[in-house]
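Student: Structure provided below as C-alpha cells; questions to follow.
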Amino acid sequence: MNILFATPECAPYVKTGGLGDVSAALPATLASMGHDVRVLMPAYRGMKISGEVGDAADIPAYGPWPAAQLLPVRSDNGVTLLLLACPALYQRPGGPYVDSGGRDYHDNLMRFGFLSRIAALLGTRHSPCADWRADVVHANDWPCGLAPLYLAQARAFGNTAGNGDQPVAASVMTIHNMAFQGVFGMDSAEMLGIPHAWRGMDGVEFWGHLSMLKAGLQFADAITTVSPSYAREIQTEAFGVGLDGVLRARADRLSGILNGIDTRIWNPAEDKLIAQSYGPGTLEAKARNKAALQSRCGLAPDPDAMLFGVVSRLTAQKGIDLVLGGLKDLLARGGQLAVLGQGDPGLQQALQEAAKQSPRQVAVTVSFSEEMAHGIEAGADCFLMPSRFEPCGLNQMYSQAYGTPPLVAPVGGLRDSVTDAAQDPARGTGFVMDRIDAIGFEDALRRAFDAFRDPQRWRRIQANGMARHFGWEESAAQYLQVYRQAMDAQ
Ligand code: ADP
Ligand code: GLC
C-alpha cells in the first residue's frame, strides 16, 4: 500500500509533544511491514537532515498558493520524508505553530492549508512526485485537516484538470487532541477554495467560523483517535470541545487505536541518555539514575525519599494544578519532585516558586530537553500524570517501561494503558485516581507512598509495568485495517 503520513511535526527533527513521536514511529513500523510509506511535513528552519534520496519536485504556484519544492530525504529510521520546502512559509525562528514569543503565526491558515493541499495532491494523478501517488492519505491533527476535504473535492468535482474518473486516495483523519482545532475566519474559505456548498454546518462551519479539524472530521473516509477510551469520550459534551455532535454523527467511521512506544528509543536497557542502563533483572541499578537525577537537580541525595517525576507541556490539560495542590502533602510525606516542562507562564511560575521554597525537595527545569526527559523517566520512583483529559499520553507508557510506576487520572489513554495496583494486585502497573480532583490526587498519592514503603510490593508493580508490551506492531496492524476500510468506503 502507498501510504502518505501527513504531519506538522516529526521527531527527532521537530517535536512539541507526542505527535512528533508518533510521526516517527508509526510510519517506520508500517514500512517494516512492507508498505511504501512517505511522511509529508514542512521543511522548517534548522532541521538537520542529510541524504536526499531522489530529485526535488517543483510545485508551481497556483492561485493564492506559492511555489514550493518537495525534497525527498531519508530519515534516521529509514523512512522517506517528503519535506515541503517553501521558505516564505516555514523558514522562521520559533516553533512549528508559534513564533519565538509564543504567539500563533498570523498566517497559519496559509501555512497549514498549503500542507493539507499538498497532502491531498499526493493522492491524485497530479501528485508532485512523478513516480509515486498515495493510496491512502493519513492526515494528523488540524494542520492537515483540509486534506480530506481537498480529496473529497477532487473526487466529487474531478481533479483540477476536470477528470473525475481518475482514482483519488482514501483519507484517514487522526485526532491527537480535540483541544486544538485550527479555527479561522469564514472569509478565508474563498482563498482556500472551499466549495460554497461545504461552508455550512454540514461542512467546515463552526460557530460562524471555519474549523480545519471539523473539515477533516466531516470529509475523511475514516476517523481515528489515539485510544479507545478517548474515542468514546469525545462523543460526549464534556470532552468533545464542541465537535461531539459531529463525531456522534460519524460514529460508524470513528475508532480508537492506542499509540505504541518506540522501544529503540525508550528502553532502559539500551538508553544512552541515562546514567546507568538497567532491565527487569537489574532494577537495583535504577538507584544510580535516581542519585544522578537528585544531584543534577540539586535535590537532597537521599535514596529513601520517594522521588516523583513530571515531564510535560505545562498546560491546563496536564493537571499540573493538581500536582501543585497536592505538593504540601507530597512534601510532608518526605517526597521529592523533579519537573521538566514549559508552557503556561502562570504554571511555570507557580512551580518555580515551589522549588524556591523547598530547593532540596522540589526541582523545576523550564526547557525542552530530550536527555533530561530520559533522566527523569529512569531516575524517578513514580511518574505523575493527573491529566484532566488525555487522548493517549506517551509518558505513562515510557514510565512503565522504565520501572517507574505512573500515577494517572482515569481518562483516555491513561485509563487504557495503566492498571491500578489496588484494583488488580497481581497485574497492577501504577496508580489510577478514582476521580479527577484534589481528593482523587491525594488519595492516589497516599496509595503510591504506601506501596513504595513495601519493597516487595513495589518491585512487583515495577516488574508488571516493565513486562508490559507497548510496541507499535499491534497498533500499526489496526491502522492498516482502517486504511483498507477507508479505501473500501470510497
Ligand atoms: P502531549 O503530546 O499531549 O504533550 P504525550 O505524553 O503524548 O503528551 O507526549 C509528550 C512527549 O513530549 C513525550 O515524548 C515527552 O517526553 C515529551 N516532552 C514533553 N515536554 C517535554 C520537555 N519539556 N522536554 C522534553 N520532552 C518533553
Ligand atoms: C496529543 C495528546 C497526547 C497523545 C499525543 C500523540 O498531543 O495530547 O495524549 O499521546 O497527541 O498521539
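Student: When the stretch 305-344 is examined, which residues are found to be more than 26 Å from Gly413 (Cα to Cα), aliphatic (A, V, I, L, M) and in a loop (DSSP other than H, G, I, E, B)?
Tutor: The first filter runs over the stretch 305-344 and keeps only residues more than 26 Å from Gly413 (Cα to Cα), leaving 305, 328-329, 331-336.
If we keep only those that are aliphatic (A, V, I, L, M) as well, we get 305, 331-332.
The one that is more than 26 Å from Gly413 (Cα to Cα), aliphatic (A, V, I, L, M) and in a loop (DSSP other than H, G, I, E, B): Ala305.
Student: Run down Gln456, Gln485, Gln481 and say which single residue is touching a strand residue (DSSP E or B) at 6+ places or on another chain (Cβ under 8 Å) and either farther than 21 Å from Pro268 by Cα or open to solvent by 20 Å² or more (accessible area, probe 1.4 Å) (or both).
Tutor: On the way: Gln456 fails: touching a strand residue (DSSP E or B) at 6+ places or on another chain (Cβ under 8 Å); Gln481 fails: touching a strand residue (DSSP E or B) at 6+ places or on another chain (Cβ under 8 Å).
Answer to the selection: Gln485.
Student: Just to be sure I understand, how many residues within the stretch 28-57 are without any contact (Cβ under 8 Å) to a residue 12 or more places away in the chain and either assigned by TED's automatic domain parsing to the domain that holds Ser369 or within 16 Å of the chain's Cα centre (by Cα) (or both)?
Tutor: The total comes to 0.
Student: Give the stretch 345-373 a look and list any residue that's assigned to a helix (DSSP H, G or I) and within 8 Å of ligand 1 (Cβ to nearest atom), or say none.
Tutor: Glu370, Met372, Ala373
Student: Do you know which residues across the stretch 377-389 are touching a strand residue (DSSP E or B) at 6+ places or on another chain (Cβ under 8 Å) and either of a type in the set (Ser, Thr, Tyr) or within 9 Å of ligand 2 (Cβ to nearest atom) (or both)? Outline the logic, then answer.
Tutor: From the stretch 377-389, those touching a strand residue (DSSP E or B) at 6+ places or on another chain (Cβ under 8 Å) are 377, 379-387; that's our starting set.
Scanning the stretch 377-389 gives a single hit, Ser387.
Student: What do you reckon, is Leu299 touching a residue at least 60 places away in the same chain (Cβ under 8 Å), open to solvent by less than 10 Å² (accessible area, probe 1.4 Å), more than 16 Å from ligand 1 (Cβ to nearest atom) and not in a helix (DSSP H, G or I)?
Tutor: Spelling it out, Leu299 is indeed touching a residue at least 60 places away in the same chain (Cβ under 8 Å), open to solvent by less than 10 Å² (accessible area, probe 1.4 Å), more than 16 Å from ligand 1 (Cβ to nearest atom) and not in a helix (DSSP H, G or I).
Student: Same structure again: Quick check: is even one residue across the stretch 159-168 modelled with pLDDT of 95 or more and either open to solvent by less than 10 Å² (accessible area, probe 1.4 Å) or not hydroxyl-bearing (Ser, Thr, Tyr) (or both)?
Tutor: Yes, there is a match, as at least one residue in the stretch 159-168 is modelled with pLDDT of 95 or more and either open to solvent by less than 10 Å² (accessible area, probe 1.4 Å) or not hydroxyl-bearing (Ser, Thr, Tyr) (or both).
Student: Which of the residues that make up the stretch 1-17 are within 16 Å of ligand 2 (Cβ to nearest atom), touching a strand residue (DSSP E or B) at 6+ places or on another chain (Cβ under 8 Å) and open to solvent by 40 Å² or more (accessible area, probe 1.4 Å)?
Tutor: Of everything in the stretch 1-17, just one residue is within 16 Å of ligand 2 (Cβ to nearest atom), touching a strand residue (DSSP E or B) at 6+ places or on another chain (Cβ under 8 Å) and open to solvent by 40 Å² or more (accessible area, probe 1.4 Å), namely Thr16.
Student: Let me ask something else about it. Which of the following residues is more than 17 Å from Gly242 (Cα to Cα) and surrounded by fewer than 18 Cβ atoms within 10 Å (Cβ to Cβ): Gly208, Gly193, Gly200?
Tutor: Only one candidate passes the filter, namely Gly193.
Student: Could you list all residues from the stretch 387-411 that are on the phi > 0 side of the Ramachandran plot and near ligand 1 (Cβ under 10 Å from one of its atoms)?
Tutor: Gly393
Student: Do the conditions hold for Glu353, that is, is it charged (D, E, K, R) and within 16 Å of ligand 2 (Cβ to nearest atom)?
Tutor: Numbers: charged (D, E, K, R): yes; within 16 Å of ligand 2 (Cβ to nearest atom): no.
Considered against the rule, which asks whether it is charged (D, E, K, R) and within 16 Å of ligand 2 (Cβ to nearest atom), Glu353 comes out as no.
Student: Can you tell me which residue among Ala25, Ala11, Ala6 is within 27 Å of Asp488 (Cα to Cα), assigned by TED's automatic domain parsing to the domain that holds Asn177, within 16 Å of ligand 1 (Cβ to nearest atom) and not acidic (Asp, Glu)?
Tutor: Going through Ala25, Ala11, Ala6 in turn, just one is within 27 Å of Asp488 (Cα to Cα), assigned by TED's automatic domain parsing to the domain that holds Asn177, within 16 Å of ligand 1 (Cβ to nearest atom) and not acidic (Asp, Glu): Ala25.
Student: Taking the conditions exactly as written (in a helix (DSSP H, G or I) and either farther than 27 Å from Gly17 by Cα or outside the structural domain of Ser417 (by TED's automatic domain parsing) (or both)), does Gln218 satisfy them or not?
Tutor: yes
Student: Now, a different point. Which one of these is away from ligand 1 (no atom under 16 Å from the Cβ), in contact with a Phe, Trp or Tyr (Cβ under 6 Å, 6 or more places away or on another chain) and assigned by TED's automatic domain parsing to the domain that holds Thr7: Gly182, Gly123?
Tutor: Gly182
Student: List every residue pair whose Cβ atoms lie under 6 Å apart, where the two residues are 6 or more positions apart in sequence or sit on different chains, the first residue falls within the stretch 380-394 and is among the aliphatic types (A, V, I, L, M), and the second residue, located anywhere, is open to solvent by less than 10 Å² (accessible area, probe 1.4 Å) and within 11 Å of ligand 2 (Cβ to nearest atom).
Tutor: What qualifies is Met385/Gln396.
Student: Within the stretch 376-386, is even one residue out of contact with any Gly (no Cβ under 7 Å at 6 or more places or on another chain), open to solvent by 10 Å² or more (accessible area, probe 1.4 Å) and within 14 Å of ligand 1 (Cβ to nearest atom)?
Tutor: Checking the stretch 376-386: not a single residue is out of contact with any Gly (no Cβ under 7 Å at 6 or more places or on another chain), open to solvent by 10 Å² or more (accessible area, probe 1.4 Å) and within 14 Å of ligand 1 (Cβ to nearest atom).
Table: residues versus (1) charged (D, E, K, R); (2) within 16 Å of ligand 2 (Cβ to nearest atom).
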site: Gln400; (1), (2): no, yes
site: Pro405; (1), (2): no, no
site: Val411; (1), (2): no, yes
site: Asp420; (1), (2): yes, no
site: Ile436; (1), (2): no, yes
site: Glu442; (1), (2): yes, no
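Student: Okay, moving on. Quick check: anything in the stretch 398-413 open to solvent by 30 Å² or more (accessible area, probe 1.4 Å) and either assigned by TED's automatic domain parsing to the domain that holds Phe452 or touching a Lys or Arg at 6+ places or on another chain (Cβ under 6 Å) (or both)? Can you show your working first?
Tutor: First, the residues of the stretch 398-413 that are open to solvent by 30 Å² or more (accessible area, probe 1.4 Å): none.
No; the residues of the stretch 398-413 include none that is open to solvent by 30 Å² or more (accessible area, probe 1.4 Å) and either assigned by TED's automatic domain parsing to the domain that holds Phe452 or touching a Lys or Arg at 6+ places or on another chain (Cβ under 6 Å) (or both).
The values are calculated or read from the model by the stated rules, or taken from the named source; none is laboratory data. Values in this document were obtained by computation on a predicted structure and should not be read as measured data. Every residue, glycine among them, receives a Cβ derived from its backbone with ideal geometry; neighbour counts consider all protein chains shown. Accessible surface is based on the protein model in full, side chains and every heavy atom, while ligands, DNA and RNA are left aside. Shrake-Rupley method; radii C 1.70, N 1.55, O 1.52, S 1.80 Å.
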